[in-house]
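Everything on this sheet refers to the single structure shown next.
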Amino acid sequence: MKYWLALVLALQCALSSYAGEAPLLAEDPVVEQRMIAISEELRCLVCQNESLAGSRADLALDLRRELRELIKANKTDAEIMEYMVSRYGDFVRYRPAVKPITWLLWFGPFLLLIGAIVMLVRMVRRNQRSAESPVLDAAQRKKAQSLLKDSETPS
């Protein structure tokens with residue numbers, strides 16, 4: 001029991017040594033608020049499913065530092081977004097502009113949905129056609145009735 005307690009305490013001390021300090025905020029709270037607002041609209045290029053504001057990747061820290069510098073240089077939000085898109089491409093934005101190069105991003109899911117609906121309708125129609133009972137001619141009907149009568153009579 002003593003060994004387990006010692007092991008747990010040693011692991012707790014080891015894990016706390018990996019904890020880092022929170023990154024320093026900008027000296028100016030207005031700059032920080034604006035940087036957060038802009039970085040919420042940008043995608044972390046490392047994490048890809050996380051905003052730049054929420055990411056802890058080293059690249060995200062560098063990009064947020066760069067955003068602060070652009071804000072301090074009196075760039076407008078539109079100029080900052082244009083700079084980021086020109087440097088990293090439309091992928092950096094969570095909501096890229098609707099233009100011919102991003103049509104697939106905007107309309108691709110709808111096209112896939114329409115294609116899936118068309119395929120589903122075709123499959124249902126094909127199954128309905130194959131599920132219909134075939135029409136028997138007189139000879140086939142007579143043979144079927146005789147087989148049914150034979151199976152009903154006890155052997």
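The values are calculated or read from the model by the stated rules, or taken from the named source; none is laboratory data. Keep in mind it's a predicted model, so treat the numbers as computed, not measured. Positions of Cβ are backbone-derived with ideal geometry, glycine not excepted, and every protein chain shown enters the neighbour counts. Surface accessibility is based on the protein's heavy atoms, side chains included, excluding ligands, DNA and RNA. Shrake-Rupley method; radii C 1.70, N 1.55, O 1.52, S 1.80 Å.
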Out of the residues in segment 116-155 that are open to solvent by 100 Å² or more (accessible area, probe 1.4 Å) and not in a helix (DSSP H, G or I), which is modelled with the lowest pLDDT? 155
I need the full set of residues from segment 61-90 which are at pLDDT below 90 and in contact with a helix residue (DSSP H, G or I) (Cβ under 9 Å, 6 or more places away or on another chain), in order please. 88, 90
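Let me confirm something: among 53, 37, which residue is open to solvent by 20 Å² or more (accessible area, probe 1.4 Å) and at pLDDT below 90? Break it down into steps so the answer makes sense when it comes.
Values: 37 fails: at pLDDT below 90.
Exactly one of 53, 37 is open to solvent by 20 Å² or more (accessible area, probe 1.4 Å) and at pLDDT below 90, namely 53.
From 80, 117, grab the single residue that is touching a residue at least 40 places away in the same chain (Cβ under 8 Å) and among the hydrophobic types (A, V, I, L, M, F, W, C).
On the way: 117 fails: touching a residue at least 40 places away in the same chain (Cβ under 8 Å).
Selected residue: 80, the only one of 80, 117 that is touching a residue at least 40 places away in the same chain (Cβ under 8 Å) and among the hydrophobic types (A, V, I, L, M, F, W, C).
Of everything in segment 83-102 that's open to solvent by 70 Å² or more (accessible area, probe 1.4 Å) and touching a residue at least 40 places away in the same chain (Cβ under 8 Å), which residue is nearest to residue 50 (Cα to Cα)?
Initially, segment 83-102 is screened for residues open to solvent by 70 Å² or more (accessible area, probe 1.4 Å), giving 83, 86-87, 91, 94-95, 98-101.
Then keep just the ones that are touching a residue at least 40 places away in the same chain (Cβ under 8 Å); that gives 91, 94-95.
On the way: 91: 12, 94: 9, 95: 13 Å.
So the residue we want is 94.
Please determine, by comparing only the residues of segment 96-115 that are in a helix (DSSP H, G or I) and under 17 Å from residue 41 (Cβ atoms), which one is farthest from the chain's Cα centre (by Cα). Break it down into steps so the answer makes sense when it comes.
Restricting attention to segment 96-115, the residues satisfying the condition of being in a helix (DSSP H, G or I) are 100-115.
Narrowing further to those that are under 17 Å from residue 41 (Cβ atoms): 102, 105-106.
On the way: 102: 17, 105: 12, 106: 14 Å.
It comes out as 102.
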Working carefully through the options 69, 82, 50, find the one that is in contact with a Cys (Cβ under 7 Å, 6 or more places away or on another chain) and within 25 Å of residue 33 (Cβ to Cβ). 50
